[in-house]
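S.K.: Would you mind keeping the following structure in view while I ask a few things?
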Amino acid sequence: MPEKITAAQRSFTMRKVKSQDTTPELAVRRLLFRLGFRFRLHRKDLPGTPDIVLPKFGVAIFVHGCFWHQHRGCRRSTMPVSNVEYWHRKFEANMNRDLRNKKCLRKAGWRVLTIWECESTDTGALKSRLKSELR
Ligand SMILES: [Zn+2]
């Protein structure tokens, strides 16, 4: 069945999903750096290309946009009102891919942290979480 979506819309979607150096990601990186952690970015050799990797701690971090990765129960993860079917499939594919990547990483011995976009703005909470996760 043909999808009711234009090529422009599709490329926009792909770009958004794959985008790097997003505002939430930068916020997490800045905070980690301030806390004295050193890390690698976008390790393409790892499943799902984790946004941030701390090899010393065996930790891989994904910073997820609440909308694109459909943060459950979050007010930012609304369902668009048009092209519902397309979006539903799109989101489902994203979430399945996230799960698959995390499973692969865990199997390879990585600890996987997901930081949601909405969590990245609460510096205090994020700081204590990172400090307790990374030690
Ligand atoms: Zn959220």
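S.K.: Do we have K131 as more than 12 Å from the chain's Cα centre (by Cα) and loosely packed, with under 15 Cβ neighbours inside 10 Å here?
M.R.: Numbers: more than 12 Å from the chain's Cα centre (by Cα): yes; loosely packed, with under 15 Cβ neighbours inside 10 Å: yes.
Judged against the criteria, K131 is a match.
S.K.: Given (1) assigned to a loop (DSSP other than H, G, I, E, B); (2) among the polar types (S, T, N, Q); (3) crowded, with 16+ Cβ neighbours inside 10 Å, where does N94 come up short, assuming only one miss?
M.R.: N94 satisfies every listed condition except (1).
S.K.: Which residues, taken from the stretch 116-128, are within 14 Å of the ligand (Cβ to nearest atom) and either surrounded by fewer than 18 Cβ atoms within 10 Å (Cβ to Cβ) or farther than 17 Å from Q70 by Cβ (or both)?
M.R.: Matches in the stretch 116-128: C118, T121, D122, A125, L126.
S.K.: Which of the residues that make up the stretch 91-115 are in contact (Cβ under 8 Å) with a residue 12 or more places away in the chain, under 24 Å from L26 (Cα atoms) and away from the ligand (no atom under 11 Å from the Cβ)? Full working, then the answer.
M.R.: Quick first cut of the stretch 91-115, residues in contact (Cβ under 8 Å) with a residue 12 or more places away in the chain only: 91, 94-95, 97-98, 100-102, 104-105, 108-115.
Okay, now just the ones that are also under 24 Å from L26 (Cα atoms), so 91, 94-95, 97-98, 101-102, 105, 110-115.
Within the stretch 91-115, F91, N94, M95, R97, D98, N101, K102, L105, W110, R111, V112, L113 meet the criteria.
S.K.: Can you name the residue in the stretch 46-56 that is surrounded by fewer than 21 Cβ atoms within 10 Å (Cβ to Cβ) and more than 14 Å from K102 (Cα to Cα) and is also farthest from the chain's Cα centre (by Cα) among such residues?
M.R.: K56
S.K.: Evaluate the stretch 31-50: report whether one residue or more is within 14 Å of the ligand (Cβ to nearest atom) and either assigned to a helix (DSSP H, G or I) or within 18 Å of S132 (Cα to Cα) (or both). Walk me through it before giving the result.
M.R.: Narrowing the stretch 31-50 to residues within 14 Å of the ligand (Cβ to nearest atom): none.
No, the stretch 31-50 has no match at all.
S.K.: While we're looking at this one, here's another question. Tally up the residues in the stretch 24-44 that are under 21 Å from F67 (Cα atoms) and without any contact (Cβ under 8 Å) to a residue 24 or more places away in the chain, please. Please lay out each step first, then the result.
M.R.: Going residue by residue through the stretch 24-44, those that are under 21 Å from F67 (Cα atoms) are 24-29, 42.
Imposing the further condition that a residue be without any contact (Cβ under 8 Å) to a residue 24 or more places away in the chain reduces the set to 26, 29, 42.
Counting residues in the stretch 24-44 that are under 21 Å from F67 (Cα atoms) and without any contact (Cβ under 8 Å) to a residue 24 or more places away in the chain gives 3.
S.K.: Could you look through the stretch 65-85, keep only residues that are more than 16 Å from the ligand (Cβ to nearest atom) and out of contact with any Lys or Arg (no Cβ under 7 Å at 6 or more places or on another chain), and pick out the one that is nearest to E119 (Cα to Cα)?
M.R.: P80
S.K.: For G58, are the conditions met, namely being in contact (Cβ under 8 Å) with a residue 40 or more places away in the chain, more than 16 Å from the ligand (Cβ to nearest atom) and of a type in the set (G, A, S)? Working first, answer last.
M.R.: Working: in contact (Cβ under 8 Å) with a residue 40 or more places away in the chain: yes; more than 16 Å from the ligand (Cβ to nearest atom): yes; of a type in the set (G, A, S): yes.
Yes; evaluated as a whole, the condition is true for this residue.
S.K.: Same structure, new question: It is to be established whether one or more residues within the stretch 83-90 are among the β-branched types (V, I, T) and in contact (Cβ under 8 Å) with a residue 40 or more places away in the chain. I'd like the intermediate steps shown before the answer.
M.R.: Filtering the stretch 83-90 for residues among the β-branched types (V, I, T) gives 84.
When the remaining residues are screened for being in contact (Cβ under 8 Å) with a residue 40 or more places away in the chain, the result is none.
Scanning the stretch 83-90, I find no residue that is among the β-branched types (V, I, T) and in contact (Cβ under 8 Å) with a residue 40 or more places away in the chain, so the answer is no.
Each reported figure results from applying straightforward, stated rules to the coordinates on display, with no laboratory input. None of the values given here were measured: they were computed from a predicted structure. With ideal geometry, Cβ positions are generated from the backbone for all residues, glycine too; neighbour counts draw on all protein chains shown.
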